[in-house]
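Note sheet for the following structure.
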Amino acid sequence: MKALVICRRELRSYFSSFIAYVLLAVFLLLSGYFFYSDLIFFVLFGGYVLPTGLWQYVFLDMRLCALLVLPLVTMRLFAEEKKLGTIELLWTYPVSDAAIVLGKFLAAWLFFLAMLLPTLLNPAVFYRFYQFDIGPLAAAYLGIVLLGTAFIACGLFISSLTENQVVSAMVTYGILVFFWFVTWNEEVAEQRIVRALLRLSLFDRFFNFSRGVIDIRDVVFFAVFTALFLFFTLQSLGSRAWRGVR
């Protein structure tokens, strides 16, 4: 499958880059620090209710780590190719736009999973001293994977619009922060409008997962959000036909 060829190409590019290891280290250090500080808080004040006393705080902090790192992971996917002119070379190969989009998205997603995987060590060590129900923890990890997948789809689309990696990262930050803050000020609109906006907030959708609750409506929302931005990316690449690029 040609998408897998693109994926392997992107993964080689990631793991041959010093920046990728820096991002990986930053994500793991921050995640480890937040886990340690939240564990101390849980031991002192958590009331021995893990889903709301520990996992909620750990994964709400981990979403910030994902928000900080993932736009930097996705910023180069198309922007760098445009800057170096290799995107035109890629288009000369018998590879469809869908395969290019899917391959690059899959590579960034696998890199994200590679960042998440070592974080399992923290609850694994904790489990040796305090055995707990792993169901809420699994739900929280599902939520952070879905949230990160949505971040990657958004970042991929923005990267397809520019050849400047800094612009790509900053615009992605702007969009994701908007989808976070969209419901913060409840006084800016009527309650029915706020309730409608609440359904669009990525972070409010993630909140149930952080408490160990899986709501199928939240799963569908993240799936639709991801599919929509992948569709936008495909349309962005397809726009070169009417722009006369090829």
Inset, instruction - Among the residues of the range 117-166, write down those that are within 25 Å of Tyr21 (Cβ to Cβ), in a helix (DSSP H, G or I) and more than 18 Å from the chain's Cα centre (by Cα). - result: Leu121, Asn122, Pro123, Ala124, Val125
Inset, instruction - Can you tell me which residue among Gln165, Gln191 is open to solvent by 30 Å² or more (accessible area, probe 1.4 Å) and at pLDDT below 85? - result: Gln191
Legend entry - Tabulated pairs, the range 214-240, first farther than 30 Å from Gly135 by Cα, second basic (Lys, Arg), C-beta under 9 angstrom, 6+ apart or interchain: Thr233/Lys104; Arg240/Arg246
Legend entry - Test result for Thr149, under 23 Å from Asp97 (Cα atoms) and modelled with pLDDT of 95 or more: yes
Inset, instruction - Tally the residues that are over 14 Å from the mean Cα position of the chain (by Cα) and open to solvent by 30 Å² or more (accessible area, probe 1.4 Å), restricting the search to the range 98-116. - result: 2
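Within the range 81-99, how many residues turn out to be part of a helix (DSSP H, G or I), more than 22 Å from Ile19 (Cβ to Cβ) and touching a residue at least 24 places away in the same chain (Cβ under 8 Å)?
5
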Inset, instruction - Go through the range 59-93 and give me each residue that's open to solvent by 40 Å² or more (accessible area, probe 1.4 Å) and within 11 Å of the chain's Cα centre (by Cα). - result: Leu64, Leu68, Leu72
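The values are calculated or read from the model by the stated rules, or taken from the named source; none is laboratory data. From a predicted model like this one, the values you see are computed outputs, not experimental measurements. Reconstructed Cβ throughout: ideal geometry from the backbone, glycine too, with neighbour counts over all protein chains shown. Side chains are part of the model used for accessible areas, which takes the heavy atoms of the whole protein and leaves out ligands, DNA and RNA. Shrake-Rupley method; radii C 1.70, N 1.55, O 1.52, S 1.80 Å.
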